[in-house]
Amino acid sequence: MYNILLFIYTLACIALVVVILLQQGKGANAGASFGGGASGTMFGSAGAGNFLTRMSAILATIFFVIALVLGNFNSHRGNVHKGTFDDLSKAAQQVEQQQKAAPVTNKNSDIPQ
């Protein structure tokens, strides 16, 4: 499941970059636009602007949703192995035993006992 989502995430990222690069800038009125003049173009008589805007919004939504899902998967992974310092109960018991064996008394302390 994780690998499938990662693959879809990569495809959505690449497609989002391509769709954004296909869009026309505000100052690009002159010149040939992709689907700009005739009604028989690839995107219809409305041109590519509306289609590319909707497609980029859809791809951005897919991108963010999958990013959240992958982040949730990564934060809740149960495959963490215990390390040396994960179980501190033995260390706490050793410290308690050392404190009981040799209590520290400081006669010059300002703290009342």
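Place the peptides 13-23, 91-101 in order of packing, highest mean first, counting for every residue the other Cβ atoms within 10 Å and averaging per peptide.
13-23, 91-101
How large is the accessible surface of Y2 in square angstrom, using a 1.4 angstrom probe and rounding to the nearest 10?
60 Å²
With all protein chains present and a 1.4 Å probe, how do M1, M55 order by accessible area, largest first?
My answer, sorted largest first, is M1, M55.
The values are calculated or read from the model by the stated rules, or taken from the named source; none is laboratory data. As the structure is a prediction and not an experimental result, all values here were calculated from the model. Every residue, glycine as well, gets a Cβ built from its backbone with ideal geometry; the counts of neighbours run over all protein chains shown. Only protein heavy atoms, including side chains, enter the accessible area calculation; ligands, DNA and RNA are left aside. Shrake-Rupley method; radii C 1.70, N 1.55, O 1.52, S 1.80 Å.
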